[in-house]
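Taking it in order: structure first as structure tokens, then the write-up.
The values are calculated or read from the model by the stated rules, or taken from the named source; none is laboratory data. Keep in mind the model is a prediction, meaning the values are calculated, not measured. So basically every Cβ, Gly included, is an ideal-geometry build from the backbone, and we count neighbours across all protein chains shown.
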Amino acid sequence: NSSPGWPWRRLTVHCRSDILCAVKSGISTCSICVNLDHVATLRQARLTSYPSLIETARIVDQSTAVGVTLHLREDRRHVQDHDVFDVKQNILKKLNLEMSTARDIVELCLKALPAQATLVPERRQELTTEGGLNVFDDPRNLRQLIATLQSHKIVVSLFIDPTIEAVETSAAIGADIVELHTGAYAQAFLEGRQIDSEIQQLRKAALHAHEAGLLVYAGHGLTLDNVSTVAQIPYLSELNIGHGLVSHAVEVGLRQAIADFSVAMNGPAPTALKAEPILSA
Ligand code: PXP
């Protein structure tokens, strides 16, 4: 693919030729990029230094995940400015910074220089990113911002609703990647409704994006129960997963945490007493 939007020239990805071949053939395996926002949410709830974003980012870095995602929200409700720099300095894999187009956030991005920036819409009152980026209203400004980020060697992804129009506009304004919003699919799944039309929409958008020379990622509301159907969509090569994955980590990690606290309180559990040989008289 020789389109100017093709990002591999700028993005250092492990085994990129393997991924490229797989994506081209449409039989790729899907990678995870782990969103650590809700580790920061837990920390900010008490304004403590734990759980540590640096430590959890290192765990992600040493896992099979392709990188760490942080969303620096304008209200700084979870990730703080210093987290972006701290995490970037402590991982070898990519840092993907989710961000709005607000001027101070863009300035911080240009200082921190993450490998990837994902442009997202942002409303202060929302619990989480509720819809895709509006790529239609001001494409000229968006194109300019994308070019500025790319000139700093930052690969640019746009978080969009899974529509053909949004994919086409994203390609036209120079994005490298589109991340398809899976929120509608996740909500239908949660409510036990039919998911066929949402999956069809995601499939069509993914195919269209691939044909337009874009890399195709997806995310939002994905859990252990609903992720496999999305991961099988052709041309989708990466999923951004946060809340569901961190929630699962709490469930599978709680037993170990209780054991660690017990040791801290009472010392290690005594090992079974060795039976003394009974001496015959
Ligand atoms: N992708 C984008 C662009 C997001 O804004 C978010 C939420 O921060 C996610 C993925 C992850 O969503 P979730 O936390 O529901 O897995």
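Tabulated data for the structure shown
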read-out: Residues of the stretch 172-199 satisfying the condition of being part of a helix (DSSP H, G or I) and surrounded by 21 or more Cβ atoms within 10 Å (Cβ to Cβ); value: Tyr185, Ala186, Phe189, Glu198
read-out: All positions within the stretch 223-262 that are in contact with a Ser or Thr (Cβ under 6 Å, 6 or more places away or on another chain) and closer than 18 Å to Leu36 by Cβ; value: Glu238, Asn240, Gly244
read-out: Every pair of residues 6+ apart whose Cβ atoms lie under 9 Å, when the first sits in the stretch 194-207 and is hydroxyl-bearing (Ser, Thr, Tyr) while the second is at pLDDT 95 or above and part of a helix (DSSP H, G or I); value: Ser197/Ala188
read-out: Residue in the stretch 235-247 that is polar (S, T, N, Q), crowded, with 21+ Cβ neighbours inside 10 Å and touching a residue at least 24 places away in the same chain (Cβ under 8 Å) present; value: yes
read-out: From the options Thr148, Thr101, Thr169, Thr163, residue that is of a type in the set (Ser, Thr, Tyr) and within 15 Å of the ligand (Cβ to nearest atom); value: Thr101
read-out: Breaking point among (1) at pLDDT 95 or above; (2) touching an Asp or Glu at 6+ places or on another chain (Cβ under 7 Å), for Ile59; value: (2)
read-out: Given (1) closer than 30 Å to Asp225 by Cβ; (2) in contact with a strand residue (DSSP E or B) (Cβ under 8 Å, 6 or more places away or on another chain), index of the condition Glu126 fails; value: (2)
read-out: The lone exception for Ala184 - which of (1) within 15 Å of the ligand (Cβ to nearest atom); (2) touching a residue at least 24 places away in the same chain (Cβ under 8 Å); (3) farther than 26 Å from Thr56 by Cα it fails; value: (2)
read-out: Among residues of the stretch 39-64, those that are within 15 Å of the ligand (Cβ to nearest atom) and closer than 25 Å to Val216 by Cβ, counted; value: 1
read-out: The stretch 228-264, residues that are hydrophobic (A, V, I, L, M, F, W, C) and more than 15 Å from the ligand (Cβ to nearest atom); value: Ile233, Val252, Leu254, Ala257, Ile258, Ala259, Phe261, Val263, Ala264
read-out: Only listed residue being part of a loop (DSSP other than H, G, I, E, B) and either within 15 Å of the ligand (Cβ to nearest atom) or within 12 Å of the chain's Cα centre (by Cα) (or both), chosen from Leu202, Leu224; value: Leu224
read-out: Top-ranked residue of the stretch 205-221 - restricted to ones that are within 20 Å of the chain's Cα centre (by Cα) and part of a loop (DSSP other than H, G, I, E, B), ranked as farthest from the ligand (Cβ to nearest atom); value: Leu214
read-out: From Ile154, Ile177, residue being within 13 Å of the ligand (Cβ to nearest atom), aliphatic (A, V, I, L, M) and farther than 23 Å from Arg77 by Cα; value: Ile177
read-out: Wholly within the stretch 27-122, helices (runs of 4 or more DSSP H) carrying at least 1 residues that are in contact (Cβ under 8 Å) with a residue 60 or more places away in the chain, under 30 Å from Thr229 (Cβ atoms) and out of contact with any helix residue (DSSP H, G or I) (no Cβ under 7 Å at 6 or more places or on another chain); value: 37-46
read-out: Flag if Glu276 is within 16 Å of the ligand (Cβ to nearest atom), acidic (Asp, Glu) and either at pLDDT below 95 or under 21 Å from Thr128 (Cβ atoms) (or both); value: no
